[in-house]
Amino acid sequence: MAHADDGVVQTWLDALRNLDVRVKKMFGCHCLYCDGVAVGWIDGSALSLRETGLDYLPDDIRRPAPGDSVQELVIPLDYAGCEWLPRAVQDTAARRGRS
């Protein structure tokens, strides 16, 4: 894992500006929190969002297999401006907050 530069982190935060999000440097990257719930990581330039079974993501976002040790969706920086992204982060926080 690699710390993203400040510009990349800001790009992701700008894409999520209407949500209650924050980041914290840890484990060599930035942990992303939404509504106080850890939902993923900003690593390099990608956002790794925890897999929670969202069914409206683009088909080219690779889903982990059930047996994979890492259950995260790797979202490239190119998707930072997509309208579904804030909903995905918010829904991930809601689903993880219930578990």
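Within region 18-35, if we keep just the residues that are part of a strand (DSSP E or B) and in contact with an Asp or Glu (Cβ under 7 Å, 6 or more places away or on another chain), the residue that is surrounded by the fewest Cβ atoms within 10 Å (Cβ to Cβ) turns out to be C29. Close Cβ contacts (under 7 Å, 6 or more residues apart or on different chains) running from residues in region 54-69 that are without any contact (Cβ under 8 Å) to a residue 12 or more places away in the chain to residues that are surrounded by 10 or more Cβ atoms within 10 Å (Cβ to Cβ) and part of a loop (DSSP other than H, G, I, E, B) are absent. Looking at region 45-62, which of its residues are touching a Pro at 6+ places or on another chain (Cβ under 6 Å) and part of a loop (DSSP other than H, G, I, E, B)? Passing the criteria: only E51. Of the candidates A93, A38, A65, the single residue that is assigned to a strand (DSSP E or B) and out of contact with any Phe, Trp or Tyr (no Cβ under 7 Å at 6 or more places or on another chain) is A38.
Polar (S, T, N, Q) and either part of a helix (DSSP H, G or I) or in contact with a Cys (Cβ under 9 Å, 6 or more places away or on another chain) (or both): does that describe T11? Against the criterion (polar (S, T, N, Q) and either part of a helix (DSSP H, G or I) or in contact with a Cys (Cβ under 9 Å, 6 or more places away or on another chain) (or both)), T11 qualifies.
When A94 is tested against (1) open to solvent by less than 40 Å² (accessible area, probe 1.4 Å); (2) hydrophobic (A, V, I, L, M, F, W, C); (3) at pLDDT 95 or above, only condition (1) is not met.
Which one of these is touching a strand residue (DSSP E or B) at 6+ places or on another chain (Cβ under 7 Å) and among the small types (G, A, S): G97, G67, G28, G44? Walk me through how you get there before you give the answer.
Working: G67 fails: touching a strand residue (DSSP E or B) at 6+ places or on another chain (Cβ under 7 Å); G28 fails: touching a strand residue (DSSP E or B) at 6+ places or on another chain (Cβ under 7 Å); G44 fails: touching a strand residue (DSSP E or B) at 6+ places or on another chain (Cβ under 7 Å).
Sole residue among the options that is touching a strand residue (DSSP E or B) at 6+ places or on another chain (Cβ under 7 Å) and among the small types (G, A, S): G97.
Within region 71-83, the set of residues being in a loop (DSSP other than H, G, I, E, B), open to solvent by 60 Å² or more (accessible area, probe 1.4 Å) and in contact (Cβ under 8 Å) with a residue 12 or more places away in the chain comprises G81 only.
The values are calculated or read from the model by the stated rules, or taken from the named source; none is laboratory data. Predicted model, so just to flag it, every value in this text is computed and none were measured. Cβ coordinates were reconstructed from backbone atoms using ideal geometry, including for glycine residues, and neighbour counts include every protein chain displayed. Each accessible area value is taken on the protein alone, full model and side chains, heavy atoms only, with ligands, DNA and RNA left out. Shrake-Rupley method; radii C 1.70, N 1.55, O 1.52, S 1.80 Å.
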